[in-house]
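Before any comments, here is the structure.
The values are calculated or read from the model by the stated rules, or taken from the named source; none is laboratory data. All of these numbers come straight from a predicted model, not from anything done at the bench. Virtual Cβ from ideal backbone geometry, glycine too; neighbours counted across all protein chains shown.
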């Protein structure tokens, strides 16, 4: 058990497609062209969670680069520093709006609250004679009170947030105007020389304005609160689904109220910085700010539908809008134009937000399957009387049925040393049949998923490939243990393929290593047939080493590797590829170690499992037969794409999966014989077969039984009975 | 319809409709103001009240059409103002009055169609779409199309001037126009197929679509109708003062319109109320505004009072016609 896992030798790999005999350069280029799938890149990219914040960030960088390049003085230090002070104020307000939007509401009164708090703080500082810290605290309190007015109306009186805050906007603005009317003359003449006040306005920490430093602190705290605290989770939950939140016991009204209070509080904080920086007690402060803030928040990627967003997104949106405004200002574009641009951006951003939120899944789904060219060789005649090796016969017609109606989808079957029969079922069970005629049925283990390939290791543990779960082992006592469900990730592709999606079949090498195939890394078990329509090399061969407990990918990018079988001499693996209708041989030991070659190709049907026969030959299951029409369709990727787009799924052209056979092939790659069930009434989809004690046991993915036929000694293909079976560790069933 | 008639309930008692309550409030307010305020109950003041309120009434009829269809047009004042200002600006050139008016009408219809498109096809909630489009319309017009903030009506355009200042049988033309607009809108809403469809759309958009009503094109038509009615209101405003000040778009006129509609009893849930509700709402707001003017309140105090009343009306409307709070979408 010390030998290392064989690596695929460089340059020793046949093309991952069926190569026609007389291939021209044009055909080669066509294949190459169809290998590239830009749509697939798109689909995989937009499936990523980081893609949504990445777009606003890219926009921010784009805006920055654009203005740096086109506007002189934009990227200068003074400009950026002065922008950062304004940005801090805008970001704080945006953060408040973001919290409200995440909670499923909206706060249009932010501009008026900002203006009112600004006025209030200036009045308190200049006219009331209160010490500055007290005035600032009172300012924050006023902001929180204004927010709680919005919050109580929305949360407890159940009014519509949009119109409510639109109305409080004019009410607050009216109050602000009244204050301005009565006190503006007095505030204009007072100068404040309090150090705290000046620190708020012009203080710098390491050259960065104090307001910006505060913003960073608020962002960090806000991030922790929103993503790590109970309150943050409640806010997100209420925004995502109010009903579900209420059913979960969250006090929805209180959460809503708190989110509006946050908004008012942050508006007040921003207003304090603004007031101390500019000391402008104008009634026009914060006018139209709601538009800027709303646009920034949505541009940052905080969804209007609620329940989604982070403080960083709010900051990114605020920075984008702030830089845009500054850049336009430096370009001598008027404020009206900026407002107009904002309104246009708002419409586009809201439209995109809604359309994207609604159609994201659909768009990814529509572009997920990307057909490519799959060529096939000439289709062999299988009709009775054709005289070919694949001529149809009725050798499976008399098969005995085991567990008829008691099993659903025994993909693989296996027998232990005592002659008991095991199979996996669709319910995620391993069934065991025992007794003379296998009449006693019991559930040996409940794993889950859909157990596919089965094999016994040297300690009589049953090793199982479970679709959707990975590689599992069941002890003789029926205890289930996970061996592995992950492998090393391929960093060259976007899709994370470290989890095992569709482990299919396995075999155990003489040194104890478990080789197993993962048929496809792109589709779930229920959609495995879509992988056939796509025809891309999405599968891989993996190796689990029980000695180290490590799993490694041995060969990646295989077209649907299905059956795996260690050869009789234990030095190579046979890998059956379903959609390419060929068998590969991979040398795991000996002088050719690491070489991959084509063992047999151009089968007339789609291959499934492959097993050793008692006489040195191999059994191969064909789960369905090729047809000229589908062969042609596989040669035409655009046709298949059009088919998937234009017609409903149940009317697509699929590979035929309802009529197959069992084939026996020799070590040299010759067809020795076939076993057919004409019409496929009893054994429609044959996915596995196992030879044991002179009988052949037959399993099928869609079948309701396990078949058994006696292998006739006199049959020309069944070789001499006296031949010793090479004992290979972990192949007890053979 | 039939809102003014009290409905007999099963237990034989009478229940007042919202319009009736409003009219009773108007009447009592009227009496109170007449007694308390000097100069309220004079022929001059009352005529003045009616005239000043008629353009607001026309705009409210426009808003009513979309609110009945469970929509909202916050860009109503903007599209009205922009199209009126452009029409008047064109009248300052040698274009004939009908041509200028047709162009103005075309613009307002186009803006309505854009709003309808954003709402029906892009599926942006009406509040967001019209809030943003109103700002966009005003911004584009101000920066690209209009010469100044205030456009003067040339003295030779008699028709437009008559709309605002003319007299028909001793009644000021704005009042007559308001009456005509209200009648036409009433006929449209209650006697035509389109009107029925609008009610169906507002009552239950999903059911309307299932019964075969082309809800999306209908939305376009609703916003276009609202825009066209609003354009009439804009012309009356322009005629009465001999020009148009586009700064009104920035003001709180849209809140007055909302106030009339919501107070009148056209619920924001859609499918409720009618032109009579607008009349009741207009009467109430007209009396109230007039009273506040006589009380010598400044604009800011008026804004606060109007805001508080609107807030109360919104809360009340929500109580009378509750929505499903749990599943409501943003912007509903």
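One line per residue, one yes/no per condition, for (1) surrounded by 18 or more Cβ atoms within 10 Å (Cβ to Cβ); (2) assigned to a strand (DSSP E or B); (3) at pLDDT 90 or above:
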{"position": "A:452", "(1), (2), (3)": "yes, yes, yes"}
{"position": "A:471", "(1), (2), (3)": "yes, yes, yes"}
{"position": "A:482", "(1), (2), (3)": "no, yes, yes"}
{"position": "A:491", "(1), (2), (3)": "no, no, no"}
{"position": "A:515", "(1), (2), (3)": "yes, yes, yes"}
{"position": "A:522", "(1), (2), (3)": "yes, no, no"}
For this session: Might you check whether a residue that is under 16 Å from residue A:704 (Cα atoms) and surrounded by 19 or more Cβ atoms within 10 Å (Cβ to Cβ) occurs anywhere in segment A:379-395?
Result: no
For this session: Could you check, for segment B:70-82, whether at least one of its residues is more than 14 Å from chain A (Cβ to nearest Cβ), over 23 Å from residue A:348 (Cβ atoms), modelled with pLDDT of 90 or more and in a helix (DSSP H, G or I)?
Result: yes
Seminar exercise, completed: Only unsatisfied item for residue A:645, checking (1) outside any helix (DSSP H, G or I); (2) within 30 Å of residue A:32 (Cβ to Cβ); (3) at pLDDT below 90, is (1)
Seminar exercise, completed: residue B:215 vs (1) within 24 Å of residue A:350 (Cα to Cα); (2) more than 14 Å from chain A (Cβ to nearest Cβ); (3) surrounded by 22 or more Cβ atoms within 10 Å (Cβ to Cβ): all pass except (3)
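Matching residues to (1) without any contact (Cβ under 8 Å) to a residue 24 or more places away in the chain; (2) farther than 14 Å from residue A:411 by Cα; (3) part of a loop (DSSP other than H, G, I, E, B):
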| position | (1), (2), (3) |
| --- | --- |
| A:655 | no, yes, yes |
| A:663 | no, yes, no |
| A:669 | no, yes, yes |
| A:679 | yes, yes, no |
| A:686 | no, no, yes |
| A:689 | no, no, no |
| A:701 | no, no, yes |
Problem set entry | Residue in segment B:151-167 that is at pLDDT below 90, assigned to a helix (DSSP H, G or I) and either within 14 Å of chain A (Cβ to nearest Cβ) or more than 21 Å from residue B:86 (Cα to Cα) (or both) present | no
Exercise. Going through segment A:273-306 one residue at a time, which ones are over 20 Å from residue A:85 (Cα atoms) and assigned to a loop (DSSP other than H, G, I, E, B)?
Worked result: A:283, A:301, A:302, A:303, A:304, A:305, A:306
Problem set entry | Qualifying position, being buried (at least 23 other Cβ atoms within 10 Å of the Cβ) and away from chain B (no Cβ under 14 Å), among A:174, A:203, A:147, A:217 | A:147
Problem set entry | Residue in segment B:218-260 that is surrounded by the fewest Cβ atoms within 10 Å (Cβ to Cβ), counting only those that are within 14 Å of another protein chain (Cβ to nearest Cβ) and not in a helix (DSSP H, G or I) | B:251
Problem set entry | Answer residue from segment B:139-150, given it is touching a residue at least 12 places away in the same chain (Cβ under 8 Å) and over 11 Å from residue B:238 (Cα atoms) and is farthest from the other protein chains (Cβ to nearest Cβ) among those | B:147
For this session: Return yes or no: is residue A:610 buried (at least 19 other Cβ atoms within 10 Å of the Cβ), in a loop (DSSP other than H, G, I, E, B), touching a strand residue (DSSP E or B) at 6+ places or on another chain (Cβ under 8 Å) and modelled with pLDDT of 90 or more?
Result: no
Exercise. Which one of these does residue A:349 not meet: (1) surrounded by fewer than 21 Cβ atoms within 10 Å (Cβ to Cβ); (2) within 14 Å of chain B (Cβ to nearest Cβ); (3) closer than 30 Å to residue A:223 by Cβ?
Worked result: (1)
Exercise. Can residue A:540 be described as modelled with pLDDT of 90 or more, in a strand (DSSP E or B) and surrounded by fewer than 21 Cβ atoms within 10 Å (Cβ to Cβ)?
Worked result: no
For this session: Keeping to segment B:302-332, report how many residues are within 7 Å of chain A (Cβ to nearest Cβ), surrounded by fewer than 18 Cβ atoms within 10 Å (Cβ to Cβ) and modelled with pLDDT of 85 or more.
Result: 2
Problem set entry | Residue tally, condition outside any helix (DSSP H, G or I) and surrounded by 20 or more Cβ atoms within 10 Å (Cβ to Cβ), over segment A:220-242 | 0
Problem set entry | residue A:387, sole failed condition from (1) touching a helix residue (DSSP H, G or I) at 6+ places or on another chain (Cβ under 6 Å); (2) more than 14 Å from chain B (Cβ to nearest Cβ); (3) farther than 30 Å from residue A:637 by Cα | (1)
Problem set entry | Options A:325, A:309; residue that is part of a helix (DSSP H, G or I) and either more than 9 Å from every other protein chain (Cβ to nearest Cβ) or in contact (Cβ under 8 Å) with a residue 40 or more places away in the chain (or both) | A:325
